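Notes follow the structure.
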Amino acid sequence: MTDDTWGNARAALKSTVGQDAYRNWIEPLEICGIDDGVARFRVPTSFMGTWVARNFGEEILKLLRASGSGVERLAFEVAADRCVADRPPAAARNGETRDEAEAAGSPLDPRFTFDSFVVGKPNALAHAAARRVGEGGAVTFNPLFLYGGVGLGKTHLMHAIAWEITARDPAARVLYLSAEKFMNRFIQALRFKDMIGFKEMFRSVDVLMVDDVQFIAGKESTQEEFFHTFNALVEQNRQIIISADRAPGEINGLEERIKSRLQWGLLVDLHPTDYELRLGILQQKVAAQSALYPELEIAPGVLEFLAHRISTNVRVLEGALTRLFAFASLVGCEITLDLAQDCLADILRASDRKVTIEEIIRKVAEHYNLRMSDLLSTRRTRTIARPRQVAMYLSKKLTSKSLPEIGRRFGGRDHTTVIHAVRKIEDLRAHDSQIAEDVELLRRMLEA
Ligand code: ADP
Ligand code: MG
């Protein structure tokens, strides 16, 4: 009886509230029973109960009444047996306030902790700042603004901060979400005319983390709301942590007042990884995976090879390793250099480094102890002209730039000058071992 009543009401709700709202709010409701005129529902979080009651309560009640079930009132109870197994134990959830924040935010990845974050020169400062914020206590810099390219560990650090804060203070209300989700919540609140609920929710947290804030660039009303939320929290001395793919000043379409607000706190950037950091990350991932694949062996030099060749981002590096492990465990063989090269051919090709003419000029100038401006000048002394030819030769060999383009970049020279340089160096390489060695060395450095 109860199931049928609710089943019919649900079916009707599907068409009235719309697909998305139905999936987010109605589907997760579990009916426990109807007695004494009260329809009792189990909800995953108390926030959700409040939300459903406020936004869909009337509609639900109307439908249940229409079925003649005698329902007068709705009650929402938080499910007692919530699953906590997939969370790091130190940060096991507790308290309903946390649930509210979690329902509004995005889930935290249990793998993204400080323990699993490998520190190297390129991310040392960001890591130190994140650690400091993770310790909690007095808010010293607000906001903490982490920025850097894709896959360099911004999200990882933010989750690590959230885990750390909640491990130290389980009652702390930490809300982590992407800027996109912030916008969706905002739009939803507008649609359901629940700006008060929205504001309450965001302004009642102890720590707010908004990931990939560049997403709201150009989205004016979302920015406006973000700005107010931000100010309200700063005024209450609550910690805010923001990430973006670039510095605030460089995000086009972001309001000036927001840019300047964001620069109030501490800005730290994650630099592109270097070889040592990549190797460290690979070693750590191997150690972490060895529990899954205990019998797997990796030949010496394989990790070094990967760290050397895959320099784009850490996500790609991880993907490569995962694929290698999966492949090797299927076939049941040791991971050798050959296997890695075969199995990862596409990834290796895609991450071949793109060398620029500027880099070539810089490296060649350094190598021959010249200034970069010498190489671009019109001076023709042999000690300058020869290195200049080497640089042109390397530009032709290592980049996809055309001869006229290369000529232009070398102080506006004609393309025939470039052709001449390329031929000259090709010729010299065959006869002059010093030149051959220089070219080889430079090529290796540039491709590293
Ligand atoms: P971003 O948010 O900057 O794009 P992520 O934080 O999502 O990058 O990182 C991409 C992947 O690389 C994640 O799986 C993350 O765990 C891993 N990663 C990045 N930096 C490190 C690091 N220093 N140590 C360990 N893993 C890292
Ligand atoms: Mg990210």
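The values are calculated or read from the model by the stated rules, or taken from the named source; none is laboratory data. Please read all numbers here as calculations on a predicted model, not as lab measurements. Neighbour counts run over all protein chains shown; Cβ positions are idealised from the backbone, glycine included.
Just to be sure, is residue 167 more than 16 Å from ligand 1 (Cβ to nearest atom), closer than 30 Å to residue 319 by Cα and among the small types (Gly, Ala, Ser)?
Numbers: more than 16 Å from ligand 1 (Cβ to nearest atom): yes; closer than 30 Å to residue 319 by Cα: yes; among the small types (Gly, Ala, Ser): yes.
The answer is yes for residue 167.
Per-residue answers, yes or no, for (1) within 16 Å of ligand 1 (Cβ to nearest atom); (2) in a loop (DSSP other than H, G, I, E, B):
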{"residue": "172", "(1), (2)": "no, yes"}
{"residue": "175", "(1), (2)": "no, no"}
{"residue": "180", "(1), (2)": "yes, no"}
{"residue": "187", "(1), (2)": "no, no"}
{"residue": "200", "(1), (2)": "no, no"}
{"residue": "205", "(1), (2)": "no, yes"}
{"residue": "209", "(1), (2)": "yes, no"}
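At least 1 residues that are of a type in the set (Asp, Glu) and surrounded by fewer than 12 Cβ atoms within 10 Å (Cβ to Cβ) in each: list the helices (runs of 4 or more DSSP H) lying fully within the stretch 335-448 that qualify. Quick ask: steps written out before the conclusion?
On the way: elements: 337-343, 345-350, 357-367, 372-376, 382-398, 403-409, 415-431, 433-447.
Qualifying helices (runs of 4 or more DSSP H): 337-343, 345-350, 357-367, 415-431, 433-447.
Considering only residues that are at pLDDT 80 or above, of a type outside the set (Ser, Thr, Tyr) and within 16 Å of residue 58 (Cβ to Cβ), which ones fall in the stretch 7-24?
9, 10, 12, 13, 17, listed by residue number.
Restricting to the stretch 196-230, name every residue that is surrounded by fewer than 19 Cβ atoms within 10 Å (Cβ to Cβ) and under 14 Å from residue 261 (Cβ atoms).
224, 227, 228
Out of all the residues in the stretch 419-438, is one or more small (Gly, Ala, Ser), touching a Phe, Trp or Tyr at 6+ places or on another chain (Cβ under 9 Å) and modelled with pLDDT of 90 or more? Talk me through it step by step, then tell me what you get.
Taking the stretch 419-438 first, the residues small (Gly, Ala, Ser) are 421, 430, 433, 436.
Cutting the leftovers down to touching a Phe, Trp or Tyr at 6+ places or on another chain (Cβ under 9 Å) gives us 421.
If we keep only those that are modelled with pLDDT of 90 or more as well, we get 421.
For the stretch 419-438, residues small (Gly, Ala, Ser), touching a Phe, Trp or Tyr at 6+ places or on another chain (Cβ under 9 Å) and modelled with pLDDT of 90 or more: present.
A quick yes/no check of all residues on (1) under 20 Å from residue 198 (Cβ atoms); (2) in the same structural domain as residue 198 (by TED's automatic domain parsing); (3) free of Cβ contacts under 8 Å to residues at least 12 places away in the same chain:
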| site | (1), (2), (3) |
| --- | --- |
| 31 | no, no, no |
| 39 | no, no, no |
| 42 | no, no, no |
| 48 | yes, no, no |
| 53 | yes, no, no |
| 66 | no, no, yes |
| 69 | no, no, no |
| 73 | no, no, no |
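Residue 228 versus (1) within 21 Å of residue 181 (Cα to Cα); (2) not assigned by TED's automatic domain parsing to the domain that holds residue 179: which is the lone unmet condition?
Residue 228 satisfies every listed condition except (2).
Between a residue in the stretch 1-23 that is closer than 19 Å to residue 55 by Cα and any residue that is buried (at least 16 other Cβ atoms within 10 Å of the Cβ), which pairs come within a Cβ distance under 6 Å, given they are 6 or more apart or on different chains?
6/31; 9/63; 9/64; 12/63; 13/26; 14/22
Give the stretch 228-243 a look and list any residue that's in a helix (DSSP H, G or I), in contact with a helix residue (DSSP H, G or I) (Cβ under 9 Å, 6 or more places away or on another chain) and farther than 11 Å from residue 139 by Cα, or say none. Step through it out loud before you land on a result.
Of all residues in the stretch 228-243, those in a helix (DSSP H, G or I) come to 228-235.
Filter once more, keeping what is in contact with a helix residue (DSSP H, G or I) (Cβ under 9 Å, 6 or more places away or on another chain): 228-234.
Scanning the stretch 228-243 gives 228, 229, 230, 231, 232, 233.
Between residues in the stretch 198-214 that are at positive phi and residues that are within 16 Å of ligand 1 (Cβ to nearest atom) and of a type in the set (S, T, N, Q), which pairs lie under 6 Å by C-beta distance while being six or more apart or on different chains?
Filtered contacts from the stretch 198-214: 212/178.
Does residue 416 meet the test of being out of contact with any Leu (no Cβ under 6 Å at 6 or more places or on another chain), polar (S, T, N, Q) and free of Cβ contacts under 8 Å to residues at least 12 places away in the same chain? Give the derivation first.
On the way: out of contact with any Leu (no Cβ under 6 Å at 6 or more places or on another chain): yes; polar (S, T, N, Q): yes; free of Cβ contacts under 8 Å to residues at least 12 places away in the same chain: yes.
Answer is yes for this residue.
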